[in-house]
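To start, the structure itself, in structure tokens.
The values are calculated or read from the model by the stated rules, or taken from the named source; none is laboratory data. All values reported here derive from a predicted model rather than from experimental measurement. Glycine gets a Cβ as well: all are built from the backbone with ideal geometry, and neighbour counts include every protein chain shown. Areas reflect the complete protein model, heavy atoms only, side chains present, ligands, DNA and RNA absent. Shrake-Rupley method; radii C 1.70, N 1.55, O 1.52, S 1.80 Å.
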Amino acid sequence: MVPNQIERETVINAPVERVWELITEAEHLGRWFGDAGAEIDLRPGGAMVLRWSEYGTSRGRVVAVEPRTRFSYRWAPFREPGGEEPVEGNSTLVEFTLQPDGDATRLRVVESGFASLATSAEQRAKNFNGNSEGWAHETGELREYAEKVAA
Amino acid sequence: MSAPAEGVFAALADPTRWRVLSLLAERGEGTATSLAGELPVSRVAVVKHLAILDRAGLVKGRREGREVRYTVRTEPLGETARWMAGIASQWDARLAAIKRMAEEG
């Protein structure tokens, strides 16, 4: 089956408080995620804006905030710059979990929901086909009309 | 970020469709009738699944009399795997950046 999620983990030689700041504060997000700044309203449902110097802007939406433990948000990795609001069906879920490991922090990230993107893509394909059938119908009528006129 | 794999994800999101594709890969080729004979779904359902797989570029069909004979196209699957690997390595790079920033103090 096509994998529906990606999981990555690293151990950082810094306390969870420090790692938490880096993954949730705009000043830092704009450096390691985007490269041209970021905005974040750090509460469930809060808006995120991520900027890249070359790719433009992407929007995110905060899902869960449990200080120093868990932080998650949705974002639309396929959207064009400045794209639409990330909701279920057009976006993936990124979940960070932090775990103290002695003086260090175990940081884990899971990006999931690739298959649900899929469903919406399928819907779009259906819509697209619906449209092209519409066009085929109309061009058919046009041809009939042209043939009548020519006759 | 472009997503060549989006249509492929769409096509593979359905478990029955995945079985249709796997069966085709195993048998080398097949028709809606032959595939329906080996799956707990109707021929009509298999025809629909094959059409979606075809649109995603995962199978190609060749008309033979009244039936269309399908084979698997492997390139888009490889593309999807590479695309997922690309996303994974982006996360590796991001985690490495967080680690660097955290450890620099």
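Annotations
- Degrees, to the nearest 10: B:43-55 long Cα axis against longest axis of chain B: 40
- Residues of segment B:32-66 whose accessible area (probe 1.4 Å, heavy atoms of protein chains only) drops by at least 30 Å² once all protein chains are present, relative to their chain alone: B:ARG55.
- Across chain B, the mean sequence separation of Cα contacts (distance under 8 Å, 6 or more residues apart), normalised by length, yields a relative contact order of 29 percent.
- Each residue of segment A:22-38 is assigned a 3J(HN,Hα), and the resulting list reads 5, 8, 10, 9, 3, 3, 8, 3, x, 9, 9, 9, x, 10, 9, x, 7 Hz, derived from the Karplus form 6.51 cos²θ - 1.76 cosθ + 1.60 (θ = phi - 60°), x at Gly and Pro.
- Looking at segment A:25-61, the chymotrypsin sites (Phe, Trp or Tyr not before Pro) that sit in a DSSP loop and have at most 14 other Cβ atoms within 10 Å of their own Cβ are A:TYR55.
- 3J(HN,Hα) from dihedral phi, segment A:61-71, Karplus parametrisation 6.51/-1.76/1.60, rounded to Hz, x for glycine, proline: 9, 5, 9, 9, 9, 10, x, 6, 10, 8, 8
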